[in-house]
Number of protein chains: 2
Amino acid sequence: MPDSSFREIRDLALFSQMADENFSALMRGAYVQNFPAQIELITEGDPSDFLHVVLSGSVDLFSAWNDRETSLATVRPISTFILAATIKDALYLMSARTLEKSRIALIPSQDVRAVFDIDGNFARAIVTELAQCYRAVIKAQKDLKLRTSLERLANYLLRHQRRAGGAASFDLDFEKRRLASVLGMTAENLSRAFKGLQPYGLEVDGTRITITNQAEFERFAKPNPLIDDGST
Amino acid sequence: MPDSSFREIRDLALFSQMADENFSALMRGAYVQNFPAQIELITEGDPSDFLHVVLSGSVDLFSAWNDRETSLATVRPISTFILAATIKDALYLMSARTLEKSRIALIPSQDVRAVFDIDGNFARAIVTELAQCYRAVIKAQKDLKLRTSLERLANYLLRHQRRAGGAASFDLDFEKRRLASVLGMTAENLSRAFKGLQPYGLEVDGTRITITNQAEFERFAKPNPLIDDGST
DNA sequence: TCCCACGATTGACAATTGTCAAGCCAACAA
DNA sequence: TTGTTGGCTTGACAATTGTCAATCGTGGGA
């Protein structure tokens with residue numbers, strides 16, 4: 001593995017506090033690979049052989065059942081995914097595919113578990129990471145059960161606006177059909193939802209979004225830190 | 001705290017491997033309290049002062065937004081809740097209320113965090129618990145996004161049947177309006193969903209459920225270990 | 001340049017789900 | 001017993017969401 005990738009991973013909160021020798025042990029079995037877009041990296045139901053770290057590009061986590069499919073999350077650099085399956089030595093609950101050309105580090109799960117058993121700092125870092133992930137899913141669950149599709153879209157746009165810097169105009173970061181899946185609706189309905197938000201101060205031109213009336217838009221969306229804040 | 005409660009908590013996977021002195025330190029600040037039914041134990045948005053352990057009775061975790069409310073999980077003995085908030089020293093994402101008369105142990109969150117920092121075994125046990133919780137929510141998310149309400153009910157009944165021992169007849173363990181909320185639908189719709197399942201081999205008499213045609217019922221429900229298995 | 005592919009959009013329609021109001025029924029207290 | 005309460009059920013209706021088919025528009029390849 002090249003030194004630069006090594007450095008990037010080491011700087012992740014998950015790995016930054018662990019002992020040097022343990023980090024080295026982890027990296028010995030690890031390797032970095034470049035994947036083209038639309039490659040299925042893991043398949044739900046498979047045993048979790050590797051902890052994955054997205055170094056560049058982006059990865060879609062999704063799941064299928066009975067001919068239906070839904071997108072559960074998007075992983076962007078630099079962060080890991082399927083940590084829980086790795087720790088529990090359990091089957092993947094989700095599949096993962098690259099959304100674009102991506103560079104991904106693969107760390108053998110058994111190494112992660114072995115180091116986890118002997119390095120308290122690593123174990124503590126994993127706790128923090130898992131607690132964060134857990135709370136993120138709970139928020140998603142509340143979003144899904146407490147809001148209509150129109151409200152979910154409105155709050156998604158507000159969250160995305162903040163991530164993008166807070167300006168009134170910003171661009172969507174992925175295609176609408178996947179956004180629809182993330183928000184738990186069909187692409188057709190998303191299209192209508194965008195129109196349904198126009199009376200509350202929204203303009204849409206392709207992937208370009210403009211919130212023309214921030215106050216009115218927020219009055220409709222009713223964003224809530226206990227659902228929409230990413231960090232807490 | 002009485003010795004018996006002490007013992008019960010010590011036997012939890014979360015606490016069984018930690019050092020004696022650290023467990024004692026945790027228990028020194030802890031106390032056990034009896035609550036009547038329908039008492040709100042914690043409120044979402046409040047700081048997480050205590051890690052809660054349900055020793056007897058049962059607790060409903062729920063959340064509200066914009067005059068809507070939804071039930072996210074039920075906690076039964078012996079297990080903890082709001083572990084993630086405690087660890088992260090963050091605000092509660094959910095409220096909790098007793099469903100019946102319940103005995104609950106309260107362990108100060110700052111003690112948990114302090115011991116977590118010095119006891120590797122405790123930290124590792126927390127990881128396992130959190131990973132388990134995380135995967136449970138992911139499964140709930142898949143259930144919600146991939147299935148119709150009829151399918152969710154059918155699979156819930158199959159899961160409950162297994163928990164109850166596997167017999168064709170069994171009783172629901174809580175009231176239907178709460179079941180409806182857990183399944184993400186209204187009480188009225190749940191009522192219709194029960195009727196809608198009759199053609200697939202279901203009989204309902206009050207809280208008494210009988211699956212008269214197991215094979216046909218499962219053919220409709222299409223249970224999947226990656227959504228419906230509790231342990232993995 | 002033209003053509004094709006693909007995602008986005010739209011309309012028409014169906015299915016699902018929620019809302020409201022009324023009625024039913026069992027548990028419980030006076 | 002009677003009356004009351006609260007949860008459950010039912011019907012009628014409305015709103016939301018999904019499905020299918022057709023169309024639009026853009027960008028890439030021949």
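The values are calculated or read from the model by the stated rules, or taken from the named source; none is laboratory data. All of these numbers come straight from a predicted model, not from anything done at the bench. Please note: Cβ atoms are built from the backbone with ideal geometry, for glycine as well, and neighbour counts cover all protein chains shown.
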Any residue in region B:121-141 that is within 16 Å of DNA strand C (Cβ to nearest atom), part of a helix (DSSP H, G or I) and farther than 23 Å from B:Lys88 by Cα?
-> no
Only one of (1) under 24 Å from B:Ile138 (Cβ atoms); (2) out of contact with any helix residue (DSSP H, G or I) (no Cβ under 7 Å at 6 or more places or on another chain); (3) within 14 Å of chain A (Cβ to nearest Cβ) fails for B:Phe174. Which number is that?
-> (3)
Which one is nearest to the other protein chains (Cβ to nearest Cβ) among residues in region B:136-161 that are within 16 Å of A:Leu130 (Cβ to Cβ) and touching a residue at least 24 places away in the same chain (Cβ under 8 Å)?
-> B:Lys139
So which residues in region A:159-185 are within 20 Å of A:Lys222 (Cα to Cα), assigned to a loop (DSSP other than H, G, I, E, B) and more than 16 Å from DNA strand D (Cβ to nearest atom), if there are any at all?
-> A:Ala164, A:Gly165, A:Gly166, A:Ala167, A:Ala168
More than 14 Å from chain A (Cβ to nearest Cβ), more than 23 Å from B:Lys142 (Cα to Cα) and within 14 Å of DNA strand C (Cβ to nearest atom), is that true of B:Lys195?
-> yes
Of these, A:Glu129, A:Glu151, A:Glu203, A:Glu188, which one is more than 29 Å from A:Thr80 (Cα to Cα), crowded, with 16+ Cβ neighbours inside 10 Å and among the charged types (D, E, K, R)?
-> A:Glu151
For region A:66-96, the count of residues that are at pLDDT below 95, within 16 Å of DNA strand C (Cβ to nearest atom) and either more than 12 Å from chain B (Cβ to nearest Cβ) or surrounded by 18 or more Cβ atoms within 10 Å (Cβ to Cβ) (or both) equals 1
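Results for (1) among the aliphatic types (A, V, I, L, M); (2) at pLDDT below 95, shown as yes or no for each residue.
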position: A:Val182; (1), (2): yes, no
position: A:Asn189; (1), (2): no, no
position: A:Arg192; (1), (2): no, no
position: A:Phe217; (1), (2): no, no
position: A:Lys222; (1), (2): no, no
position: A:Gly230; (1), (2): no, yes
Does at least one position in region B:203-212 carry a residue that is within 13 Å of DNA strand C (Cβ to nearest atom), outside any loop (DSSP other than H, G, I, E, B) and farther than 21 Å from A:Lys145 by Cβ?
-> yes
Taking into account only those residues within region A:164-185 that are touching a residue at least 24 places away in the same chain (Cβ under 8 Å) and more than 13 Å from DNA strand C (Cβ to nearest atom), which is nearest to A:Leu83 (Cα to Cα)?
-> A:Phe170
Conditions (1) modelled with pLDDT under 95; (2) farther than 26 Å from B:Gly230 by Cα; (3) away from chain A (no Cβ under 11 Å): number failed by B:Leu99 | (2)
Criterion: of a type in the set (Ser, Thr, Tyr), in contact with a Phe, Trp or Tyr (Cβ under 7 Å, 6 or more places away or on another chain), crowded, with 21+ Cβ neighbours inside 10 Å and under 27 Å from B:Lys145 (Cβ atoms) - qualifying residue of A:Ser102, A:Ser63 = A:Ser102
Residues in region A:203-218 that are more than 16 Å from DNA strand D (Cβ to nearest atom) and either within 14 Å of chain B (Cβ to nearest Cβ) or hydrophobic (A, V, I, L, M, F, W, C) (or both) total 5
